[in-house]
1. May I ask you to list pairs of residues, at least six apart or on different chains, whose Cβ atoms are under 9 Å apart, with the first in the range 75-97 being surrounded by 13 or more Cβ atoms within 10 Å (Cβ to Cβ) and the second being of a type in the set (Lys, Arg) and outside any helix (DSSP H, G or I)?
2. Answer yes if at least one residue in the range 121-142 is surrounded by 12 or more Cβ atoms within 10 Å (Cβ to Cβ), modelled with pLDDT of 95 or more and in a loop (DSSP other than H, G, I, E, B), and no otherwise.
3. Just give me the residues in the range 58-101 being among the acidic types (Asp, Glu), outside any helix (DSSP H, G or I) and either touching a strand residue (DSSP E or B) at 6+ places or on another chain (Cβ under 7 Å) or modelled with pLDDT of 85 or more (or both), in sequence order.
4. When the residues of the range 97-123 are filtered to those that are among the aliphatic types (A, V, I, L, M) and closer than 19 Å to residue 40 by Cβ, which remaining residue is nearest to the chain's Cα centre (by Cα)?
Amino acid sequence: MPSPTTAPSPGRAAVNVHIADTVLAKIAAYRTLEVPGVAVLRPSLPRSFTQLPGWAIRDRSDTPTTISTNGVKVDADSDPVAVELDVILYYGQPCIEVATIIQEHVADALRVDAGVTPTVTVNIVDLELETSPSPAFGELPA
């Protein structure tokens, strides 16, 4: 991944920072799960064969010490950085609107948190039939 470089301040040297793909994936996963209407992240069937079994899908009521990146693919070698998300939405949510909010929310977070401008692709791979425990659609946490 190209490392962002900060311009040197007067009297200071430039700083090179490399942010690992796993860090970018965790930021993307966390920000995706914040979007109302998202049930979980889970790899699509073809991708699930390339990942370890036991998807460890995070329940929203948990306070995780780690964030599962299952369902998140990051290609930091591309320009711009490519992020692909496989999401399951709650049934009854407006799929296109939720996907658009996910794209914007994740892209903004990666710009602010990691200094990268990504392309974000959202794949809606399934629907959860239970009702959403999340806030009303369109209300992101502060």
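The values are calculated or read from the model by the stated rules, or taken from the named source; none is laboratory data. What you see is a predicted model, and the numbers here were worked out from it, not measured in a lab. Virtual Cβ from ideal backbone geometry, glycine too; neighbours counted across all protein chains shown.
1. Filtered contacts from the range 75-97: 82/73; 83/73; 84/73; 85/73; 86/42; 86/73; 87/42; 88/42.
2. No, because not a single residue in the range 121-142 is surrounded by 12 or more Cβ atoms within 10 Å (Cβ to Cβ), modelled with pLDDT of 95 or more and in a loop (DSSP other than H, G, I, E, B).
3. At the first step, the residues of the range 58-101 found to be among the acidic types (Asp, Glu) are 59, 62, 75, 77, 79, 84, 86, 97.
From what's left, outside any helix (DSSP H, G or I): 59, 62, 75, 77, 79, 84, 86.
Residues satisfying the conditions are 75, 77, 79, 84, 86.
4. Let us first name the residues in the range 97-123 that are among the aliphatic types (A, V, I, L, M), namely 98-99, 101-102, 106-107, 109-110, 112, 114, 116, 120, 122.
Okay, now just the ones that are also closer than 19 Å to residue 40 by Cβ, so 98-99, 101-102, 106, 109, 120, 122.
Values: 98: 13, 99: 12, 101: 12, 102: 8, 106: 6, 109: 9, 120: 9, 122: 9 Å.
Across the range 97-123, the extreme among qualifying residues is 106.
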